[in-house]
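The values are calculated or read from the model by the stated rules, or taken from the named source; none is laboratory data. These numbers come from a predicted model, not from an experiment. Neighbour counts are summed over all protein chains in view; Cβ atoms, including those assigned to glycine, are modelled from backbone coordinates with ideal geometry.
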Amino acid sequence: MDESQEIRTDPRPPVLSIVMPVFREGAQLASFLSAVRSATEQCNLPHELLLVDDGSPDDTWLVIEAEVTNGRLLRALRLTRNFGKESALCAGLEHAQGDAVIVMDADGQHPPSLIPDMVSLWQSSGADIVEAVKRKRGRESLSSKFGAQLFYFILNRLSGFDFKGASDFKLMNRKAVDAWLKMHERNVFFRGMTVWMGFTTVQIPFEVVPRSAGQSTWSVLKRLKLALVGITAFSSFPLHLVTFAGVVFLGISVLLGLQTLYLKLVGRAVSGFATVILLQLIVGSLLMISLGIIGEYLARIYEEVKGRPRYLVKESIEPNQISSAKETSDRMLGLERHDCS
């Protein structure tokens, strides 16, 4: 076993925690973890890798167990089912022990080579958060790029915060992590919550690289759901928009009523079925949209009031289990050598 794979026996907590939610990443996880270890070793800090398996249906957990069996320095949580990336992030942040925590995706699109630069910038700047900002979004369809730009345009205008180029690839010091953990909402929008806290933040650019294996599990429906959570969690403006639209249509109705009364009094009233039908369609559409907006906020309130946990852990791997696995492996190897002699 080389030095980078030694088991940490120091009782002090690690200075740096790397938190990675994983879902269906079994095909490339081992190689990606190797790259993360190589990059983290350059920081010359006590560290830990904490993986959160978000109920992967493939062999992701088997790959994690194989890493442990081989004596890799690793902690891991396995959730009972797929709770979603944001909930997996919550699990990782709640269990991370480091003075600084780096959150990154395990699909390879957040380059591990940026870790030493993030740590160096954190140490030199004294900032609470080091945010990796997307310089280029990488390979995406035109519809995905347009959807992302539209979402951030709306969110920036409604929330008053700047989310341009924002990503979940961040370094947060212990003060920022502890403050983040005090927010207990079930509808989690990680990058928005970190911006809302207002801690001192410095940015470092990066380019999204192609996935090393597999395909993204972020469907259009999942993106739309996250967009609705982000908008409703950080702005009540859509509710005010419903009120404003109601006032506008009330004004239009009063004007049309006055016009109709005037035409009736002067004897020039004519039947206007097309106008009536058009107004009914407009008002009906407005009512349906208004009910939908109100329903979204009621759904968020309903989910919060239930008070269910964000996630449930099925099993976990801790450092003492790594040591036990190493001892078992060494013991078996010793028995084999004894038999051979």
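Restricting segment 167-182 to residues that are over 15 Å from the mean Cα position of the chain (by Cα) and surrounded by fewer than 21 Cβ atoms within 10 Å (Cβ to Cβ), the residue that is farthest from Ile102 (Cα to Cα) is Lys182.
Here Ile277 passes the criteria (1) exposed (fewer than 12 other Cβ atoms within 10 Å of the Cβ); (2) of a type in the set (Val, Ile, Thr); (3) at pLDDT 65 or above except the one numbered (3). For segment 40-64, the tally of residues that are part of a helix (DSSP H, G or I) and either over 25 Å from the mean Cα position of the chain (by Cα) or buried (at least 19 other Cβ atoms within 10 Å of the Cβ) (or both) stands at 6. Pairing each residue of segment 126-142 that is at positive phi with any residue that is at pLDDT 75 or above and not polar (S, T, N, Q), provided the two are 6+ apart or on different chains, yields C-beta distances under 8 Å for Gly138/Glu207; Gly138/Val208.
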